[in-house]
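Novice: Dropping a structure here in structure tokens format, bear with me for questions.
The values are calculated or read from the model by the stated rules, or taken from the named source; none is laboratory data. These numbers come from a predicted model, not from an experiment. Note that each Cβ is placed from the backbone with ideal geometry, even for glycine, and that neighbours are counted across all protein chains shown. For the accessible areas, the whole protein counts, side chains as well, though only heavy atoms, and no ligand, DNA or RNA atoms are used. Shrake-Rupley method; radii C 1.70, N 1.55, O 1.52, S 1.80 Å.
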Amino acid sequence: MNKVLYALLSVVLLGSCAPPSPPNDPPLHLVNGYWFDGDRFKPDAWFVVDGRFTREAPAVSPRTIDLAGGYVVPPFGEAHNHNVEGRWNSDEVIRTYLDHGVFYVKITNDIADFADEIRPQVNLPTSIDVVFAHGGLTGEGGHPGPLYEQMLRGMRYEPAVGTLPEGWFANRAYFTVDSPEALATVWPILTGRHPDFVKIYLGHSERADREPAPDERRGLAPALVPLVVETAHAAGLTVTAHIETAADFRLAVAAGVDEIAHLPGFFIAGPDDLPDARLTQGDAIAARENNVSVVTTTYLPHASHWEGNNLPLVEDVQKQNLTTLQNAGVRLLVGSDHAPTSRAEAINLHRLGVFDTRTLLTMWAQTTPQSIFPNRRLGRFEAGYEASALVLACDPLESFPCVETIQMRMKQGVVLEPVREPASNPADHPHSTTPQHHPQP
């Protein structure tokens, strides 16, 4: 499809990319702050009128807010999670995201029936902004079908909503596609649920002609992946790919996906699988040349089955892959998958030491939000951009854990009430809360 036409279709069809309407609040004048410009913090002051930053003094006398020397950064993004999903947890999840300063969230698999119930709670100036996949496309018996049917049914959903009939998750949480005809059948069901993007599942595509080993996750048949991507793009929908191995990464890039939701090797059976998780320079260059974004998801081994001597092996591959992708200029997004918010992922990325603090802050506060909502003016402090910001007590370029010292939150000109008491000073006492692990699609 013509790229200009595709871009226009995206604007028309992806209604979730439109910013929430700001309330008619009095204008603000934010003074005495140090503002992040993508490179450094510098003293500045901004007016806020109708939910946007401006240099023009408003006709109505503004309310002045003294930032008292705080460090101002754009709110953070979460490029991969599954936790904004139903009425049973929405209040706490939204509160936690706001508490951590994560305002923009991409839910890469969910069930539309439940997500629709909480839509009045999200995409508001006083809440988080969310995009939803509403299920994903996989192969016969492929991930995440068994996860939903055998584990999440009893662990997550039935305790919250009651008994669900056999087969209820099919064509809700996952869509099985094993032929072009099957895609034609399920496509109107998926799009009828109005997803903001399309999620596809790939798994061990290099072994597609063999029977899967125990606990080996599979996905779409490799031959069907280009057709699925073409169909989604023709409908004005971007495609995010779940992958397991470097071969899956190559398949996704060659098929034209827009985003890869994991580093290879985030879930592997043992050390013998690690070579299959290593990306080459050629893989990274192909991703950059095809404008494919990659979500980090390094936190998962901490929350999963990796313990003892295995974890350093996984982290070594993670660091190699991240370095390879960064050196090639691939757009990297911060996403956690398993953690309550992407803050745990950002802190873990800092611990791994691949990125300097400036690069990591830019990835989390600019690149990730702008990727989730590409048609909105956010993630920067410029005239006409959405007036959303976090004020930190200390400089995260000097000590990255300062991202946990949020003193003020503002979203589209609305100053949010404190969610919880901020940490005293992570610059002096660096820490990271270890979230409880839950299996995720």
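Novice: In the stretch 150-193, how many residues are over 29 Å from Glu230 (Cα atoms) and crowded, with 16+ Cβ neighbours inside 10 Å?
Specialist: Of the residues in the stretch 150-193, 4 are over 29 Å from Glu230 (Cα atoms) and crowded, with 16+ Cβ neighbours inside 10 Å.
Novice: Report, ordered by the first and then the second residue, all pairs with beta carbons closer than 7 Å, sequence separation of six or more or different chains, a first member in the stretch 348-369 that is farther than 14 Å from Arg380 by Cα, and a second member that is basic (Lys, Arg) and surrounded by fewer than 19 Cβ atoms within 10 Å (Cβ to Cβ).
Specialist: Partner pairs satisfying both residue conditions: Leu352/Lys319; Val354/Lys319.
Novice: Is it the case that Phe373 is out of contact with any helix residue (DSSP H, G or I) (no Cβ under 9 Å at 6 or more places or on another chain), modelled with pLDDT of 95 or more and crowded, with 20+ Cβ neighbours inside 10 Å?
Specialist: no
Novice: Does the stretch 102-138 hold any residues that are more than 14 Å from the chain's Cα centre (by Cα), more than 22 Å from Leu220 (Cβ to Cβ) and not acidic (Asp, Glu), and which are they? First the steps, then the outcome.
Specialist: Our first condition is that a residue be more than 14 Å from the chain's Cα centre (by Cα); within the stretch 102-138, this holds for 111-127, 134-138.
Subsequent filtering for residues that are more than 22 Å from Leu220 (Cβ to Cβ) retains 113-127.
The answer is Phe114, Ala115, Ile118, Arg119, Pro120, Gln121, Val122, Asn123, Leu124, Pro125, Thr126, Ser127.
Novice: Please work out which residue is nearest to Val228 (Cα to Cα), limiting yourself to the stretch 270-294 and to residues that are of a type in the set (Val, Ile, Thr) and assigned to a loop (DSSP other than H, G, I, E, B).
Specialist: Among them, the one singled out is Val292.
Novice: Still on this structure, please answer the following. Give the stretch 14-49 a look and list any residue that's in contact with a Pro (Cβ under 6 Å, 6 or more places away or on another chain), in a loop (DSSP other than H, G, I, E, B) and at pLDDT 85 or above, or say none.
Specialist: Pro27 - this is the single residue of the stretch 14-49 that is in contact with a Pro (Cβ under 6 Å, 6 or more places away or on another chain), in a loop (DSSP other than H, G, I, E, B) and at pLDDT 85 or above.
Novice: Next question. Which residue out of Gly384, Gly379 is under 24 Å from the mean Cα position of the chain (by Cα), at positive phi, modelled with pLDDT of 95 or more and not polar (S, T, N, Q)?
Specialist: Working: Gly384 fails: under 24 Å from the mean Cα position of the chain (by Cα).
Of Gly384, Gly379, the one residue that is under 24 Å from the mean Cα position of the chain (by Cα), at positive phi, modelled with pLDDT of 95 or more and not polar (S, T, N, Q) is Gly379.
Novice: Condition first: touching a residue at least 60 places away in the same chain (Cβ under 8 Å), of a type in the set (A, V, I, L, M, F, W, C) and open to solvent by less than 10 Å² (accessible area, probe 1.4 Å). Now tell me which residues in the stretch 76-111 satisfy that.
Specialist: Phe76, Ala79, Val102, Phe103, Val105, Ile111
Novice: Within the set of pairs 6+ apart or on separate chains, which have a first residue in the stretch 112-125 that is within 9 Å of Gly86 (Cα to Cα), a second that is assigned to a helix (DSSP H, G or I) and of a type outside the set (Asp, Glu), and C-beta atoms under 6 Å apart?
Specialist: Ile118/Ser90
Novice: Check every one of the strands (runs of 3 or more DSSP E) wholly within the stretch 65-159 and list those with 3 or more residues that are touching a Ser or Thr at 6+ places or on another chain (Cβ under 6 Å) and at pLDDT below 95.
Specialist: Here the list is empty.
Novice: Within the stretch 268-279, does at least one residue satisfy the condition of being open to solvent by less than 10 Å² (accessible area, probe 1.4 Å) and within 26 Å of Asp196 (Cβ to Cβ)?
Specialist: No, that holds for no residue.
Novice: Looking only at residues in the stretch 314-370 that are in a helix (DSSP H, G or I) and acidic (Asp, Glu), which one is farthest from Thr296 (Cα to Cα)?
Specialist: The selected residue is Asp316.
Novice: Additional query: Among the residues of the stretch 387-406, is there at least one that is outside any loop (DSSP other than H, G, I, E, B), among the polar types (S, T, N, Q) and crowded, with 21+ Cβ neighbours inside 10 Å? Let's see the steps before the verdict.
Specialist: Residues of the stretch 387-406 that are outside any loop (DSSP other than H, G, I, E, B), as a first pass: 389-392, 400-404, 406.
Filter once more, keeping what is among the polar types (S, T, N, Q): none.
No, there is no match, as no residue in the stretch 387-406 is outside any loop (DSSP other than H, G, I, E, B), among the polar types (S, T, N, Q) and crowded, with 21+ Cβ neighbours inside 10 Å.
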